[in-house]
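Working notes, beginning with the structure itself.
The values are calculated or read from the model by the stated rules, or taken from the named source; none is laboratory data. All of these numbers come straight from a predicted model, not from anything done at the bench. Every residue, glycine as well, gets a Cβ built from its backbone with ideal geometry; the counts of neighbours run over all protein chains shown. Areas reflect the complete protein model, heavy atoms only, side chains present, ligands, DNA and RNA absent. Shrake-Rupley method; radii C 1.70, N 1.55, O 1.52, S 1.80 Å.
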Amino acid sequence: MKMTMRWFGPGFDPVTLDKIRQVPGINGIITTLYGKLPGDDWEAGELRALIKSAEDSGLSVEGIESVNVHDDIKTGGKERDKYIEKYINTLEVIGKEGIHLVCYNFMAVFDWTRTDLAKKRPDGATVMSYEQSVIDSINPANMFDIMNSKAQGHQLPGWEPHRMAKIKELFEIYKNIDEDTLFKNLVYFLKAIMPVCEQYGINMAIHPDDPGWSVFGLPRIMKNKDDILRLMKAEDNPHNGVTLCSGSLGTNQKNDIPDIIRSLKGRIHFAHIRNVKHNCPGSFEESAHLSGDGSLDMYEIIKALHDIGFEGPIRPDHGRNIWNEESMPGYGLFDRAIGLSYLCGLWEAVNRASAKK
């Protein structure tokens, strides 16, 4: 495996490349051209400059996370073929720069959702958390007003500001999109882009839904093992693969993550590894990566990846905010560095145990 860390780029990320470079075990970074909206053109010069900034710091760019998918593609809108062609053009730019991994998601309206960005834990650290009862109390049609009202106090990550401005319009265009329709639109998209992926050796790695169930009644199609295997069968191409996110899949207590990993040999192109602590059904919080701090067995997750011969990029995912670090929620340096070292230790332990057999 190649241990990496996500970097949000110059002007966006307070965690600098020189600091990331000092984390033991680090091989490279996962990044993107932040600020690009779905359907925007990617310029080779912009991407090349980003790659150079990483290489100048002694790091390689191991993958792009993300190239966001336009809503016309997700909904099968009248301009979906135009936006698919733009996506193909972007993949060509990425492929020509020698990058072979693209992480993306196909979630309707918004990305991952939390109800609290800074829930305080007993040790004083803060984490992102989710309470279904809070979601149930919100009328999504009024979300823009709610999030701009200090009295309400709701902040839902995944609701990008440029999308919040048209939230009612987005809910309108998705109102007749069920899971089957969304899935068919995903397969249509993948079949269209596979030729360019084959040409440049680009592995597309879809990210699971987060949380692993419907939010506000919107369709969710990457929730569990059955969903993922259905997609692998529908477009049975080795370049059509998965970002194995233990935290996202781990939101649903029914998901057996080591079993999911073993069912996807050869199709896991990227891994986000983090822990999550369940408080009760529909209530969870993110935790330290350590198995004992959450509800997931991190040793068994790493062992499953090792057992299937996973060799791709892996990164610690959302971390706690600790030691008064000022950072983007979930993406501070300190706790992710601790998590990265823990994951490297688990991998070394599994690797040595395997070598003795």
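Structure values in brief
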read-out	value
Scan of the stretch 65-107 for residues that are of a type in the set (S, T, N, Q) and touching a Lys or Arg at 6+ places or on another chain (Cβ under 9 Å), ordered by number	68, 90
Members of the stretch 286-295 that are crowded, with 24+ Cβ neighbours inside 10 Å and under 17 Å from residue 350 (Cα atoms)	289
Selection count where residues are charged (D, E, K, R), modelled with pLDDT of 95 or more and part of a helix (DSSP H, G or I), scope the stretch 158-181	2
Residue within the stretch 322-331 that is within 25 Å of residue 253 (Cβ to Cβ), touching a residue at least 40 places away in the same chain (Cβ under 8 Å) and either touching a helix residue (DSSP H, G or I) at 6+ places or on another chain (Cβ under 7 Å) or assigned to a helix (DSSP H, G or I) (or both) present	no
Test result for residue 340, assigned to a helix (DSSP H, G or I), at pLDDT 95 or above, closer than 18 Å to residue 62 by Cβ and touching a helix residue (DSSP H, G or I) at 6+ places or on another chain (Cβ under 7 Å)	no
Test: residue in the stretch 69-77 that is hydroxyl-bearing (Ser, Thr, Tyr), within 20 Å of the chain's Cα centre (by Cα) and open to solvent by less than 40 Å² (accessible area, probe 1.4 Å)	no
Count - residues of the stretch 1-52 that are open to solvent by 20 Å² or more (accessible area, probe 1.4 Å), closer than 23 Å to residue 104 by Cβ and among the hydroxyl-bearing types (Ser, Thr, Tyr)	1
